[in-house]
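Engineer: Before we start, here is the structure in question, set down as structure tokens.
The values are calculated or read from the model by the stated rules, or taken from the named source; none is laboratory data. Here the structure is a predicted model, which means the values were calculated and not measured. Backbone-built Cβ (ideal geometry, glycine too); neighbour counts: all protein chains shown.
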Amino acid sequence: MTAPLALLGYAIAAAWATPALLARLAELAADDRAACLAGRRVLMTALLAIATGTAIPGAAIPAAPLVAGNALAAAAHAVPARVERLLHPPGPRAAVRSGLPLALLSALLIAAPAVLAIAA
């Protein structure tokens with residue numbers, strides 16, 4: 001139930017979004033998907049390793065120093081805030097609290113032209 005509400009929120013935000021906001025929303029969506037597939041702890045470890053250029057314990061790939069031209073996008077988009085979000089994810093009430101008003105606004109925007117056409 002929360003996934004459709006989240007997608008609706010992303011779609012509505014994209015209508016008024018700047019490229020920077022769209023990049024942040026894409027990172028959040030990617031974080032959510034990766035956390036579902038691999039787990040939050042694995043994702044946090046990987047984000048911190050990418051951001052700091054350190055090795056992941058037990059990984060077969062050694063650490064590579066971060067070079068500005070070769071830095072990954074994940075290291076550029078507020079890694080501490082992303083890790084904090086993974087540590088304390090919003091609960092289902094947060095999705096409903098933000099998704100319900102967006103759904104109502106969408107319904108209003110869709111229905112308004114029809115109501116105005118009938119009234120005219």
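Engineer: Identify the residue in the range 25-34 that is closer than 15 Å to Ala81 by Cα and surrounded by 14 or more Cβ atoms within 10 Å (Cβ to Cβ) and, among all such residues, is modelled with the lowest pLDDT. Lay out the reasoning, then the answer.
Structural biologist: Here is the first cut: in the range 25-34, the residues closer than 15 Å to Ala81 by Cα are 25-32.
The next check asks that each one be surrounded by 14 or more Cβ atoms within 10 Å (Cβ to Cβ); those that pass are 25-28, 30-32.
Details: Leu25: 77, Ala26: 81, Glu27: 83, Leu28: 84, Ala30: 88, Asp31: 89, Asp32: 87.
Among those that are closer than 15 Å to Ala81 by Cα and surrounded by 14 or more Cβ atoms within 10 Å (Cβ to Cβ), it is Leu25.
Engineer: Does Arg82 count as at pLDDT 80 or above and either under 22 Å from Ala20 (Cβ atoms) or in contact with a Lys or Arg (Cβ under 8 Å, 6 or more places away or on another chain) (or both)?
Structural biologist: Working: at pLDDT 80 or above: yes; either under 22 Å from Ala20 (Cβ atoms) or in contact with a Lys or Arg (Cβ under 8 Å, 6 or more places away or on another chain) (or both): yes.
Yes: the conditions hold for Arg82.
Engineer: Taking into account only those residues within the range 49-69 that are crowded, with 16+ Cβ neighbours inside 10 Å and not β-branched (Val, Ile, Thr), which is modelled with the highest pLDDT?
Structural biologist: Residues of the range 49-69 that are crowded, with 16+ Cβ neighbours inside 10 Å, as a first pass: 49-51.
Still in the list and also not β-branched (Val, Ile, Thr): 49, 51.
Values: Ala49: 79, Ala51: 76.
Applying the filter and picking the extreme gives Ala49.
Engineer: Would you confirm whether any residue within the range 17-24 is in a loop (DSSP other than H, G, I, E, B), modelled with pLDDT of 75 or more and of a type outside the set (Gly, Ala, Ser)? Explain how you work it out, then say what you get.
Structural biologist: If we filter the range 17-24 for residues that are in a loop (DSSP other than H, G, I, E, B), which is where we start, we get 17-18.
Among the residues that remain, those that are also modelled with pLDDT of 75 or more are: 18.
Right, trim to of a type outside the set (Gly, Ala, Ser) and you get 18.
Yes.
Engineer: Give the residues of the range 85-102 that are among the aliphatic types (A, V, I, L, M) and at pLDDT 85 or above, sorted by residue number.
Structural biologist: Kept after step one, since they are among the aliphatic types (A, V, I, L, M), are these residues of the range 85-102: 86-87, 94-96, 100, 102.
Once the filter is applied, which keeps residues that are among the aliphatic types (A, V, I, L, M) and at pLDDT 85 or above, the range 85-102 yields Leu86, Leu87.
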